[in-house]
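*Asks:* Handing you this structure, nothing more for now.
The numbers here are math on the coordinates, done by the rules we state, and not lab data. Everything numeric in this text was worked out from a predicted model, so none of it was measured. Glycine gets a Cβ as well: all are built from the backbone with ideal geometry, and neighbour counts include every protein chain shown.
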Amino acid sequence: MPKETTIDLACENICKHFSDFTAVDNISFTIPKGSFFSILGPSGCGKTTLLRMLAGFEQPSSGDLLIKQKSMLDVPPNKRPVNMVFQHLALFPTMNIEENIGYGLRRQSVPKSEIAERVTTVLDRVGLAGSGKKRVEQLSGGQRQRIALARCLVLNPTLLLLDEPLGALDLKLREQMKIELKLLQKEFGTTFVYITHDQSEALVMSDQIAVMNKGRFEQVGTPHQLYYQPETAFVAGFVGDSNRWQGTVESLASSTVLVSTSDGLSFKSTIMGDKAINTGNSVEIFVRPEAINVSRTAASEETDNQLVCQVETILFDGAKSQIIAVEKESGGKITVTLPQTSDFTNLKNADTLYLNWSAEQTLCFIDNPDSIGSV
Amino acid sequence: MSSLRTTSTFKLGMWLLLAPLCLWLILLIILPHLELLAFSFTDPEQGSFTFSFYQEFFLEPLYWRTFVRTAVMSIMATILTLLIAFPVAFYIAKMLKGRSKGIVFAMCLIPFWVSELVRTFGWMILLRESGVISNFLQWSGLSAGPVELLYTDATIMLGLVYTSMLFMVVPLVNTLDSLDDSFIEAGYDLGGSNWNVLREIVIPHATPGIVSGCIIVFMLSLGNYLTPVLLGGKDSLWFTEQIYTQFITRFNWEQGSAFGLLLLLLSSLIVWAGLKISSQSFSKTMG
């Protein structure tokens, strides 16, 4: 099977129970070799516990964990072909950079000359050649980040685990490190398992993302799939921004439904998820602010959903600016992205806006009391 | 103008705060030592300058041998205390969480609510010929006659280690507490064994605590009087006992002063050597 992708990590029905709650609830997934796999979820969803089980710091209550088809259950952390970049990096402050990176190699009894050589090579590859003699506190946040990566990558692990390592960085640096991490992952070809609560980190870097909530995977897919075809209301709410309404199904037609919201608006929407929907069901609908066409004049042709609104507030944030608009009759609110075209440069409060969008961009999920979480 | 005033009031406040410390240093440390210094170099009969009391220390083997013995036993007691206290401190700082941590730490402190004298008598009750252990051995048939466990070097060592334990555990718990668990986990994650993690991560981090604990314990053992005298008996040959004898029994204050200063000098020398060997600086350890 030359074309078959090899599986680096396979989890089979992994569970982890603590005395009074279940942190990880029956999760199964596989990660192909060389991919960047992210686990995205709100804090407390069990992603850190899952990662710590992969590293070997926690034992699963049940299920199996296979790395390269070998069960890891009885393998202690120091014998697993897995390395971890810790949340606060855990670079040893009592050692200089060279000693930090060489620590793992010394454990494998690699000869001294080879250690020096491999340390120099890896420092060069992460773009920090010549800083081997520096102390940890002499480096900037981004440089430490790269040293933490180098310290793991020098050991050629099968799997590299990353526990929200960008959390402590400021915004600019975080944006830069996202790209850098992705490039380093491609260059080294190591399989990365990255956990984060920041959807943008996951979307930018990952080949595959698992959205995790309350110990379970809600959906596993490419960033594209998660964004455009969320399978559950939780994913629709967690990945990207959305306008969100509670409503009831008024009428059904093949794949679209007419939903009237509690605000008194009614929208044509597309049924998502695999659960059957009937008239009268209470549902949740999601529309992304960036999916809505905004115009200052009434549209000539009919679209699935249209609203005439008044600008209530403009949240200016450069390219990510948004408008909060109010529908005239019902008083229902909707958030739309502020277009950066010349039409809108002098937009002010109480201006009239004509909004329209298609039924495909209006996602409808049957109400599920389990999925309340949102960003 | 106002800033000038605030600096001058600040200075005044600082001096007021420092005053008790300065008084304490001058009255209780510097003055007595100057007095000792003067005593030790003065011939009591003629009132003239003399080296004879220092000569006496080096010429009379009993004195300097007692000193060497005291120093060696104190170093051994320090090492033993460290070896016993380290696992205890590691357990308290890293293995225990929450309430149980506080309780175990408090249990280490409780024996020190009792005065040293009473604690030492406690050991005597246990160890003497008609004591608890001796009686138990006879009752269980392990020994035919009474067993005397007091008045040996091992007993002195036991007493010293017991007395010093707290002063080693506290600084160790403090430094180990400040070691984030993720460093230990990273040590294992990168392939380290228990021993590697201990030697390359835990001990380097804990070195300031180890050194300050060792200095305190060494100084306490060297200057201890009660424990060696009560548990070691007549043959304990502890240097502080010599100083006591000179001052109180022989009324030879000049000789006692010379011994006191020699003890200060030599103990400082040993601590300095210890710091050099472990390549630590005094300010790093205390700061």
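*Asks:* For A:Lys33, list the lysines whose Cα falls under 16 Å from its own Cα; do not include residues on the same chain fewer than 8 positions away.
*Replies:* Cα-Cα hits under 16 Å: A:Lys3, A:Lys68, A:Lys70, A:Lys182, A:Lys186.
*Asks:* Of all the C-alpha pairs in the protein assembly as shown, what % are more than 44 Å from each other?
*Replies:* Working: 109310 of 218791 pairs.
That fraction is 50 percent.
*Asks:* Let me know the volume per residue of the alpha-carbon convex hull for chain A, in Å³. Let's see the in-between values first.
*Replies:* Values: hull volume 70.5 nm³, N = 375.
Considering the Cα atoms of chain A, their hull volume per residue is 188 Å³.
*Asks:* With 26 Å as the cut-off, how large is the P(r) tail for the range B:52-286, expressed as percent of Cα-Cα pairs? Spell out each step's value before the answer.
*Replies:* Numbers: 13796 of 27495 pairs.
Result for the distance tail: 50 percent.
*Asks:* Which value at 222 nm does chain A reach when only helices count, each DSSP H run of 4 or more adding -39,500 (n - 2.57), with the total divided by all residues and rounded to the nearest 500 deg cm²/dmol? Please list the in-between numbers first.
*Replies:* Working: 8 runs with 84 residues, N = 375.
The helix-only estimate for chain A comes to -6500 deg cm²/dmol at 222 nm.
*Asks:* Please work out the C-alpha center-to-center distance from the range B:1-80 to the range B:118-165 and express it in whole Å.
*Replies:* 37
*Asks:* Report, in degrees rounded to the nearest 10, the 0 to 90 angle that the Cα long axis of helix A:171-188 makes with the longest principal axis of chain A.
*Replies:* In chain A, helix A:171-188 runs at an angle near 60 degrees to the longest axis.
*Asks:* What's the longest piece of chain A with no exposed chymotrypsin sites (Phe, Trp or Tyr not before Pro), counting a site as exposed if DSSP puts it in a loop and it has at most 15 other beta carbons within 10 Å? List each step's numbers first, then the result.
*Replies:* Working: sites that count: A:Phe18, A:Phe21, A:Phe316.
The answer is A:22-315.
*Asks:* Chain A: longest stretch without exposed GluC sites (Glu not before Pro) (DSSP loop, at most 11 other Cβ within 10 Å), sites themselves excluded? Show your work: numbers first, answer last.
*Replies:* Working: sites that count: A:Glu4, A:Glu301, A:Glu302, A:Glu329.
My reading of the result: A:5-300 is the longest stretch.
*Asks:* Counting only other chains, what is the mean number of Cβ atoms within 10 angstrom of the Cβ of each residue in peptide A:104-116?
*Replies:* Values: counts 6, 2, 5, 9, 2, 0, 0, 0, 0, 0, 0, 0, 0.
Across the residues of A:104-116, the mean count of other-chain Cβ atoms within 10 Å is 2.
*Asks:* Once the dipole of the range A:241-366 is set up with Lys and Arg at +1 and Asp and Glu at -1 on Cβ about the Cα centre, which of A:Ser254, A:Thr297, A:Pro339 lies farthest towards its positive end?
*Replies:* A:Pro339
*Asks:* Let me ask something else. Only helical DSSP H runs with n ≥ 4 go in: add -39500 (n - 2.57) per run for chain B, normalise by residue count and round the 222 nm mean residue ellipticity to 500 deg cm²/dmol. Walk me through the intermediate numbers first.
*Replies:* Numbers: 15 runs with 204 residues, N = 287.
Helix contribution divided over all residues of chain B: -23000 deg cm²/dmol.
*Asks:* Can you return the lysines within cross-link range of A:Lys348? Criterion is Cα-Cα under 19 Å, with same-chain partners fewer than 8 residues away left out.
*Replies:* Straight-distance partners of A:Lys348: A:Lys320, A:Lys328, A:Lys333.
*Asks:* Using a Cα-Cα cut-off of under 16 Å, which aspartates and glutamates could be cross-linked to B:Lys97, ignoring same-chain neighbours fewer than 8 residues away?
*Replies:* B:Asp177, B:Asp180, B:Asp181
*Asks:* Let me know the longest stretch in chain B that avoids all trypsin sites (Lys or Arg not before Pro) found in a DSSP loop with at most 16 other C-beta atoms within 10 Å. If you can, show how the numbers build up before the last one.
*Replies:* Details: sites that count: B:Lys97, B:Arg250.
No qualifying site falls inside B:98-249, the longest such stretch.
*Asks:* Which one, B:Ile248, B:Ser279, A:Leu73, projects farthest toward the positive side of the charge dipole computed for the protein assembly as shown from Cβ point charges (K/R +1, D/E -1)?
*Replies:* Of the listed residues, the answer is B:Ile248.
*Asks:* On to the next question. Ignore the peptide's own chain and count Cβ atoms of other chains within 10 Å of each Cβ in B:198-209; give me the average, rounded. Please report the intermediate quantities before stating the final value.
*Replies:* Values: counts 0, 0, 7, 6, 0, 1, 4, 3, 0, 1, 0, 0.
Mean shielding count: 2.
*Asks:* Moving on to the next point. List the trypsin sites (Lys or Arg not before Pro) in the range A:255-358 that DSSP assigns to loop (not H, G, I, E or B) and whose Cβ has at most 15 other Cβ atoms within 10 Å. Which are they? Don't skip to the end; give the middle numbers.
*Replies:* On the way: sites: A:Lys268, A:Lys275, A:Arg296, A:Lys320, A:Lys328, A:Lys333, A:Lys348; in loops: A:Lys275, A:Arg296, A:Lys320, A:Lys328, A:Lys348.
Within the range A:255-358, the qualifying trypsin sites (Lys or Arg not before Pro) (loop, at most 15 other Cβ atoms within 10 Å) are A:Lys275, A:Arg296, A:Lys320, A:Lys328, A:Lys348.
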